[in-house]
Amino acid sequence: KMLTHRSLILTVLPILALSLQCFNYEVPAGQTPTVPRTSVECPFTARFCISAYSLRNINGNQVYYENRGCADDIMCQQFIKKQTTECQGLGYNRQCCCMGNQCNDEIR
């Protein structure tokens, strides 16, 4: 029984090491993060890291936020369809998907 547990651990460890890591934080657009940028291990369904802007209503004011995180195929379907790594959209209406650990450090 002990041998079975060791085999299972040795099988799972390489899979965990292959998990995608993406920056995961949110800051008002154009501002430097006041906290260290954090990186998370993405769920197995996420093949991409994403950088995007979102519009939020803060006390009656429209404020753009820069978002970073993990993304699945549905969130990045326009990049898959166009087979591009270029960001889509202009200005604060932009979204970027990329593949690779912590590739979403900037909105290019």
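Here, each number is a calculation from the coordinates, and none is a lab measurement. These numbers were taken from a predicted model, which means no experiment stands behind them. Heads up, the Cβs are rebuilt from the backbone with ideal geometry, glycines too, and the neighbour counts pull from every protein chain shown.
Close amide H partners of Phe48, meaning residues 5 or more places away or on another chain with modelled amide H under 5 Å apart, are Ala71. Charge tally for Ala46 (other residues, Cβ to Cβ under 10 Å; Lys, Arg +1; Asp, Glu -1): -2.
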